[in-house]
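The values are calculated or read from the model by the stated rules, or taken from the named source; none is laboratory data. Note that this is a predicted model, so its numbers are computed, not measured. As a convention, Cβ positions derive from the backbone with ideal geometry for all residues, glycine included, and neighbour counts pool all protein chains shown.
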Amino acid sequence: MSTNTDANCIFCKVINGQIPSQKLSDDEHSIAISDLNPQAPVHILIMPKMHVASIAALDSPELTGHLFQKAKKLATELKLEKGFRIVVNTGDDGGQTVHHLHIHLLGGRAFGWPPG
Ligand code: AMP
Ligand code: ZN
């Protein structure tokens, strides 16, 4: 698996420790951190260690599966048995602001639908 990083990417800087974060998980391929601006009582970002701009740019089913399994595992560990939401904002219309793939894991309250 590629280990490329982008020197201008804030999440690459989080991954290499240049930017501090509250880490909830750290494994060979991914980290999970608390979101700086939480939108729910639980708001975690799960991201690959390699720089990849978005899910649209990721071709690896293994890494995709790894990230989703990680999100589910954290939801279990955090006892979000009433439910949770996984969001992957992608591109401009998708509301993506940080162009390093990340899964939002949100929980601890009920969410509405449709999303804004
Ligand atoms: P998105 O809009 O889907 O690209 O989400 C980017 C998320 O990253 C937002 O929820 C921000 O609050 C969050 N964020 C930005 N910078 C940091 C950081 N240094 N540490 C943790 N979360 C961050
Ligand atoms: Zn990056």
query: Within the range 22-35, restricting attention to residues that are surrounded by 18 or more Cβ atoms within 10 Å (Cβ to Cβ) and among the small types (G, A, S), which residue is nearest to T64 (Cα to Cα)?
result: S30
- line: Of the residues in the range 43-55, those that are surrounded by fewer than 21 Cβ atoms within 10 Å (Cβ to Cβ) and either away from ligand 2 (no atom under 16 Å from the Cβ) or in a strand (DSSP E or B) (or both) come to H43
query: Which residue pairs have Cβ atoms under 7 Å apart, sit 6 or more places apart or on different chains, and have a first residue in the range 27-39 that is closer than 15 Å to K73 by Cα and a second that is near ligand 1 (Cβ under 7 Å from one of its atoms) and assigned to a loop (DSSP other than H, G, I, E, B)?
result: I33/S21
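Tally time: how many residues in the range 1-21 are of a type in the set (S, T, N, Q), more than 9 Å from ligand 2 (Cβ to nearest atom) and either at pLDDT 95 or above or surrounded by 12 or more Cβ atoms within 10 Å (Cβ to Cβ) (or both)? So that I can check it myself, show each step before the final result.
The first filter runs over the range 1-21 and keeps only residues of a type in the set (S, T, N, Q), leaving 2-5, 8, 16, 18, 21.
From what's left, more than 9 Å from ligand 2 (Cβ to nearest atom): 2-3, 16, 18, 21.
From what's left, either at pLDDT 95 or above or surrounded by 12 or more Cβ atoms within 10 Å (Cβ to Cβ) (or both): 16, 18, 21.
Residues flagged as of a type in the set (S, T, N, Q), more than 9 Å from ligand 2 (Cβ to nearest atom) and either at pLDDT 95 or above or surrounded by 12 or more Cβ atoms within 10 Å (Cβ to Cβ) (or both) within the range 1-21 amount to 3.
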- prompt: Among the residues of the range 95-116 satisfying the criterion of being without any contact (Cβ under 8 Å) to a residue 24 or more places away in the chain and over 15 Å from A40 (Cβ atoms), which is surrounded by the most Cβ atoms within 10 Å (Cβ to Cβ)?
  reply: G95
task: Please give the number of the condition H66 fails out of (1) within 16 Å of ligand 2 (Cβ to nearest atom); (2) part of a helix (DSSP H, G or I).
output: (1)
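Going by the structure shown, is L80 surrounded by 12 or more Cβ atoms within 10 Å (Cβ to Cβ) and assigned to a helix (DSSP H, G or I)? Walk me through how you get there before you give the answer.
Details: surrounded by 12 or more Cβ atoms within 10 Å (Cβ to Cβ): yes; assigned to a helix (DSSP H, G or I): no.
No.
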message: Looking at the structure I just gave you, is G95 part of a loop (DSSP other than H, G, I, E, B), out of contact with any helix residue (DSSP H, G or I) (no Cβ under 7 Å at 6 or more places or on another chain) and at positive phi?
response: yes
